[in-house]
Each structure stands twice: as C-alpha cells, then as structure tokens.
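Note sheet for the following structure.
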Amino acid sequence: MKGWAGVAIVVLTAAMLSGCSSDYVMATKDGRMIMTEGKPTIDKETGLVQYTDQSGHAVQINGDEVSTIIER
C-alpha cells in the first residue's frame, strides 16, 4: 500500500508542476504572433528556435525571423 501512495504523490506533484509552466509569445519580423507552450529554446549551432505550439507539436523556426520572445 505504501508503494501506491508514493506513486500517487509523485503523479500529483508532476501534475501540479506541469501547470506552472509559462507560455510565451514570439513576434516575427513579418508581423506574426506565435503562441508557445513553455519557453522556446535557441540552438546556437543552427540558429533555429524550437518551441511547442498550442497543439502540442514541436516546431522549429529560423532565429533570424524572430524579433521578440515575451513571457505571457
């Protein structure tokens, strides 16, 4: 029984922490506003910005196209 209680605590903690992740808005140089789930990451080698869109898909965009990244 103690094993199940530990698993339940871990699952509940993970669920609460996942609700704490911030969403971001990226503005592109052509005027688009892209809503992301979580903070976008920038690959220094390729210059690509990777983010998760509102549908949960991982997407990459050229970093030269991004003008601003703002936490929402």
Output for the stretch 34-44, where each listed residue is touching a strand residue (DSSP E or B) at 6+ places or on another chain (Cβ under 8 Å), surrounded by fewer than 13 Cβ atoms within 10 Å (Cβ to Cβ), more than 13 Å from Val66 (Cβ to Cβ) and not aliphatic (A, V, I, L, M): Gly38
Within the stretch 45-72, considering residues that are out of contact with any Phe, Trp or Tyr (no Cβ under 8 Å at 6 or more places or on another chain) and among the acidic types (Asp, Glu), the one most open to solvent (accessible area, probe 1.4 Å): Glu45
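The values are calculated or read from the model by the stated rules, or taken from the named source; none is laboratory data. Being a predicted model, the structure only gives us computed values, none of them experimental. Cβ coordinates were reconstructed from backbone atoms using ideal geometry, including for glycine residues, and neighbour counts include every protein chain displayed. Note: areas computed on protein heavy atoms with side chains; ligands, DNA, RNA excluded. Shrake-Rupley method; radii C 1.70, N 1.55, O 1.52, S 1.80 Å.
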